[in-house]
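Report on the structure given below.
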Amino acid sequence: MPTYAYRCADCGHAFDIYQSFSDDALTECPECGGALRKVFGSSLGVTFNGSGFYRTDSRASGSGSGSSSSSSSS
């Protein structure tokens, strides 16, 4: 089950809760009864591991093959 973060718009109370995908979003603060909002931040459950592909990877390999072909032709 995913964990969702909520923050009250009225009192600022913040908490995390485990909810199923099929559960409705919470709307009422347990502290003051105010309006709750889901908090989206850097604590999302997505992580990227490994070397991956970066914008500079294609440039580095492209310039490397270009310089090696000019070096071999000299």
Out of the residues in the range 1-33 that are assigned to a strand (DSSP E or B) and of a type in the set (A, V, I, L, M), which is surrounded by the most Cβ atoms within 10 Å (Cβ to Cβ)?
A5
When you check L36 against the structure, is it part of a strand (DSSP E or B), modelled with pLDDT of 70 or more and either of a type outside the set (F, W, Y) or surrounded by 10 or more Cβ atoms within 10 Å (Cβ to Cβ) (or both), yes or no?
yes
Hey, S51 at pLDDT below 90, within 17 Å of the chain's Cα centre (by Cα) and not in a strand (DSSP E or B) or not
no
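The values are calculated or read from the model by the stated rules, or taken from the named source; none is laboratory data. It should be emphasised that the depicted structure is a prediction, and the values quoted were computed from it without experimental measurement. Positions of Cβ are backbone-derived with ideal geometry, glycine not excepted, and every protein chain shown enters the neighbour counts.
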